[in-house]
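Peer 1: Structure incoming, see below.
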Amino acid sequence: MLKNIIFDFGGVIYDIDHNISKKAFQKLGLNSFDTLYGHQEQQQLFEQMERGELTDNEFRSAIRKIIPNNVSDIEIDDAWCALLIGFDKKKIDLLEALRHNYHLFLLSNTNNIHAKRFIPELDAYKNFRALFNDVWLSHEIGKRKPEKEFYLDLLEKHGMKTEETLFIDDLYANIEAAKNLGIQTYYLNNQQSILDLFNKDDIFIETNQ
């Protein structure tokens, strides 16, 4: 019996487009952004940022070393956050409804600069963290997907059984890591929405993948 659902954030709950940040950084003079950062993989600088190993200023300083132009903090932050498109209120309403049937958790690879943008935006609609039993953001926890400890620590903290837990993500490497731990999974492709995965009674209806 399914009791727990763990959601990814970007691409699942909140819409993102890495190409928009790529173009924004190109305007600042960084033409190699897509080789440094992407949805499928990113280099050490961005992984460190997602683990909370760098301060915002340390991240900006590192970016300045690879941008030929003199740019301000706000220009870097705006370019870095340009990928944050926004959210469909129906998805947030769905999460609120699902709480009647499941324990909900968020497991997201993100960073402080992004979180300072999207959390107030979401809170302006509904108290975002209150939608979940627990919210694990990588930069706050010090771990990131697909590291198995990121999943296992969350399961252990809340006494969740893998066979009673579903993980929904739009990145297959993260799905594979969860599968290897025995967690039920659903890979959400770019043609799907979480709104398609539940029936009118807010019960998960899709076949596990």
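Peer 1: Would you tally the residues in the stretch 32-70 being surrounded by 13 or more Cβ atoms within 10 Å (Cβ to Cβ) and at pLDDT below 90?
Peer 2: Counting residues in the stretch 32-70 that are surrounded by 13 or more Cβ atoms within 10 Å (Cβ to Cβ) and at pLDDT below 90 gives 11.
Peer 1: Okay, next question. Restricting to the stretch 61-102, name every residue that is more than 20 Å from the chain's Cα centre (by Cα), of a type in the set (D, E, K, R) and within 17 Å of Asp201 (Cβ to Cβ).
Peer 2: none
Peer 1: What number of residues within the stretch 155-174 are closer than 15 Å to Arg144 by Cα and either more than 13 Å from the chain's Cα centre (by Cα) or hydroxyl-bearing (Ser, Thr, Tyr) (or both)?
Peer 2: The qualifying residues number 3.
Peer 1: Now a separate question. How many residues are of a type in the set (Ser, Thr, Tyr) and under 11 Å from Leu137 (Cβ atoms) when one looks only at the stretch 83-124?
Peer 2: 2
Peer 1: Working only within the stretch 120-130, note down all residues that are in a loop (DSSP other than H, G, I, E, B) and either of a type in the set (D, E, K, R) or exposed (fewer than 14 other Cβ atoms within 10 Å of the Cβ) (or both).
Peer 2: From the stretch 120-130, those in a loop (DSSP other than H, G, I, E, B) are 124-128; that's our starting set.
Listed by number, the residues that qualify are Ala124, Tyr125, Lys126, Asn127.
Peer 1: Next question. Given the condition over 17 Å from the mean Cα position of the chain (by Cα), surrounded by fewer than 19 Cβ atoms within 10 Å (Cβ to Cβ) and either at pLDDT 95 or above or not assigned by TED's automatic domain parsing to the domain that holds Ser108 (or both), answer yes or no: does some residue in the stretch 4-15 qualify?
Peer 2: No, the stretch 4-15 contains no residue that is over 17 Å from the mean Cα position of the chain (by Cα), surrounded by fewer than 19 Cβ atoms within 10 Å (Cβ to Cβ) and either at pLDDT 95 or above or not assigned by TED's automatic domain parsing to the domain that holds Ser108 (or both).
Peer 1: Let me ask something else. Which one is surrounded by the fewest Cβ atoms within 10 Å (Cβ to Cβ) among residues in the stretch 75-119 that are farther than 27 Å from Lys3 by Cβ and of a type in the set (Phe, Trp, Tyr)?
Peer 2: Taking the candidates together, the pick is Phe118.
Here's the yes/no breakdown for (1) more than 28 Å from Leu54 (Cα to Cα); (2) polar (S, T, N, Q):
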position	(1), (2)
Leu155	no, no
Gly159	yes, no
Leu171	no, no
Gln191	yes, yes
Lys200	yes, no
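Peer 1: Mind counting the residues in the stretch 142-154 that are surrounded by fewer than 19 Cβ atoms within 10 Å (Cβ to Cβ) and of a type in the set (A, V, I, L, M, F, W, C)?
Peer 2: Count: 1.
The values are calculated or read from the model by the stated rules, or taken from the named source; none is laboratory data. Please read all numbers here as calculations on a predicted model, not as lab measurements. Methodologically, a virtual Cβ is constructed for each residue, glycine included, from the backbone with ideal geometry; neighbour enumeration extends over all protein chains shown.
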